[in-house]
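Enquirer: One structure, pasted below without further comment.
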Amino acid sequence: MEQLVIEGGHSLKGVIRISGAKNAALPALAATLLAGGEFEIRNLPELRDIRTFLSLLEGLGVTNSPEAQEPGKGRRVVLNTISISNHEAAYDLVRTMRASVLILGPLLARTGAARISLPGGCAIGARPIDFHLKGLEHMGARLTLKAGYVEAKASRLTGAEIYFDVPSVTGTENLMMAASLARGKTTLKNAAREPEVAALGQMLQAMGARIQGLGSSVIEIEGVKELKPVSWDIIPDRIETGTYLMAAGAAGGELRLQNACPEYLEAVIAKLREIGLEIESKGQELWVRRKRRLKSADVTTLPYPGFPTDLQAQFMLLMAISEGLSVITETIFENRFMHVPELNRLGADIRVDGRSAIVRGVKELTAAPVMATDLRASACLVLAGLAAKGKTTISRIYHLDRGYEHMEKKLAGAGARIQRIRAEMPY
């Protein structure tokens, strides 16, 4: 069992390069199933979820020729999708990663059949795939659920008008991919507007898809008979960017973030400036400084372009050490306050009331053993360790490795006292 040990109280100063976005890389990898040939995908982050998804594709018959990661650049892989020899995504891989459902639409659209285990992932609340299934049914797919698997068949999908009750990122992505090869026009209403959705749409356009409305809540796709392989670069990770902006807030000091994405983080940057962080942007770089104690502020998570749920836990940590009282309201996932007991173990004063957390800032956190409960909660605890007095030990950091590339190395390079250790399992 691996753990992180963090000695808090040391300010940060240095340069951190932002990796490619996991939430853009996974749908891009899924999109390679839509065309036969050789795809080159660049700036892939080195993450457990990426490795799992590549294994998932290999199980379908995709060959993978990875290249070593170059210093200062992301990983590059070449995928050959000319032959899809299998239509089933097995439980052993799918159970660890909810995003694996993204292969359903493209696999069905290209081959006419798909059999996929119901997915797993972080236990942060219900994230049903109903949007995906109902949308595919509207497009003519025949679906059955058997023994924990979704079985889908369609000789060729047909365009349809589909309305999302709430914007769904993976639902929008899955149906957009499926519609690219469907007969006729598909309109997605109340679609997700996230940058990762737009990036996927741009990749599909480069492959020959006819798509309009990217970045808006209405996306129109005119299906084509076939698509072609492309070379594609994964966009920077806006959640990683926001996390390191908040790391400077937690530890103090100054960071320069390279390969960042200021245009994707307007709501976050505005809120961080409101609480007292100094943030400057120039091109694809961000400078962030904390010179004094932060002020409290309320925040409500919302679909893009609002404040992202994936940065709620990290922001809560900042509020836990700020001056004043703040209310953090979570509107996306109903079970995303599991980090609260762990922060309270460090001396935070946080009370949960339904969908809101009332945070009374304290002057100082004190180190203690804590346990990560999900991906973003683990990042929150790393930031808490940077801020706390003493040595904080974080267990179950495999969650962190699902979404952050070499986080401890990046922070250590900027002056953090942080190391990964292997601890013996208790009997």
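The values are calculated or read from the model by the stated rules, or taken from the named source; none is laboratory data. These figures come from a predicted structure and were not determined experimentally. Cβ placement follows ideal geometry from the backbone for every residue including glycine, while neighbour counts extend to all protein chains displayed.
Enquirer: If you scan the range 124-183, which residues turn out to be touching a residue at least 60 places away in the same chain (Cβ under 8 Å), farther than 22 Å from V218 by Cβ and of a type in the set (A, V, I, L, M, F, W, C)?
Expert: I124, A126, listed by residue number.
Enquirer: Which pairs turn up if I take residues in the range 344-370 that are at pLDDT 95 or above and look for partners that are loosely packed, with under 15 Cβ neighbours inside 10 Å and hydroxyl-bearing (S, T, Y) with beta carbon separation below 7 Å, at least 6 apart in sequence or on another chain?
Expert: Pairs found: L346/T366; G347/T366.
Enquirer: Continuing with this model, one more query. Those residues that are in contact (Cβ under 8 Å) with a residue 40 or more places away in the chain and polar (S, T, N, Q), I need them from the range 371-381; list them, please. Give the derivation first.
Expert: Step one: of the range 371-381, the residues in contact (Cβ under 8 Å) with a residue 40 or more places away in the chain are 373-377, 379-381.
Across the range 371-381, the qualifying residue is only T373.
The rows are residues; the columns are (1) touching a Gly at 6+ places or on another chain (Cβ under 8 Å); (2) in contact (Cβ under 8 Å) with a residue 60 or more places away in the chain.
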{"site": "M1", "(1), (2)": "no, yes"}
{"site": "I6", "(1), (2)": "yes, yes"}
{"site": "G14", "(1), (2)": "yes, yes"}
{"site": "A24", "(1), (2)": "no, yes"}
{"site": "G37", "(1), (2)": "no, yes"}
{"site": "R42", "(1), (2)": "yes, yes"}
{"site": "V62", "(1), (2)": "no, no"}
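Enquirer: Working only within the range 228-265, note down all residues that are farther than 19 Å from Q312 by Cα and polar (S, T, N, Q).
Expert: Within the range 228-265, S231, Q258, N259 meet the criteria.
Enquirer: Considering only residues that are within 14 Å of R345 (Cβ to Cβ), surrounded by 22 or more Cβ atoms within 10 Å (Cβ to Cβ) and within 21 Å of the chain's Cα centre (by Cα), which ones fall in the range 363-393?
Expert: A372, T373, A377, C380, L381, A384 - these are the residues of the range 363-393 that are within 14 Å of R345 (Cβ to Cβ), surrounded by 22 or more Cβ atoms within 10 Å (Cβ to Cβ) and within 21 Å of the chain's Cα centre (by Cα).
Enquirer: Right, next: Checking the structure you have, find out if any residue of the range 197-210 is modelled with pLDDT under 95 and among the basic types (K, R). Full working, then the answer.
Expert: Step one: of the range 197-210, the residues modelled with pLDDT under 95 are none.
No, that holds for no residue.
Enquirer: Name the residues in the range 236-293 that are of a type in the set (V, I, T), surrounded by 24 or more Cβ atoms within 10 Å (Cβ to Cβ) and not in a helix (DSSP H, G or I), would you?
Expert: V288
Enquirer: Out of the range 294-341, which residues are surrounded by fewer than 24 Cβ atoms within 10 Å (Cβ to Cβ) and in a helix (DSSP H, G or I)?
Expert: Matches in the range 294-341: T309, D310, V340, P341.
Enquirer: To continue, here is another question. Could you list all residues from the range 136-153 that are in contact with a Ser or Thr (Cβ under 9 Å, 6 or more places away or on another chain) and crowded, with 19+ Cβ neighbours inside 10 Å?
Expert: Of everything in the range 136-153, those that are in contact with a Ser or Thr (Cβ under 9 Å, 6 or more places away or on another chain) and crowded, with 19+ Cβ neighbours inside 10 Å turn out to be M139, V150, A152.
Enquirer: In addition: One residue is enough: does the range 393-410 have a residue meeting the conditions touching a Gly at 6+ places or on another chain (Cβ under 8 Å) and in the same structural domain as S322 (by TED's automatic domain parsing)?
Expert: Going through the range 393-410, the residues touching a Gly at 6+ places or on another chain (Cβ under 8 Å) turn out to be 394.
This time we only want the ones that are in the same structural domain as S322 (by TED's automatic domain parsing), so: 394.
Yes, there is a match, as at least one residue in the range 393-410 is touching a Gly at 6+ places or on another chain (Cβ under 8 Å) and in the same structural domain as S322 (by TED's automatic domain parsing).
Enquirer: Would you confirm whether or not the range 365-376 contains a residue that is in contact with a strand residue (DSSP E or B) (Cβ under 9 Å, 6 or more places away or on another chain), within 27 Å of T96 (Cβ to Cβ) and in a loop (DSSP other than H, G, I, E, B)?
Expert: Scanning the range 365-376, I find at least one residue that is in contact with a strand residue (DSSP E or B) (Cβ under 9 Å, 6 or more places away or on another chain), within 27 Å of T96 (Cβ to Cβ) and in a loop (DSSP other than H, G, I, E, B), so the answer is yes.
Enquirer: Of A270, A297, A251, which residue is touching a residue at least 60 places away in the same chain (Cβ under 8 Å) and not assigned by TED's automatic domain parsing to the domain that holds L29? Outline the logic, then answer.
Expert: On the way: A270 fails: touching a residue at least 60 places away in the same chain (Cβ under 8 Å); A297 fails: touching a residue at least 60 places away in the same chain (Cβ under 8 Å).
When all the criteria are applied, what remains is A251.
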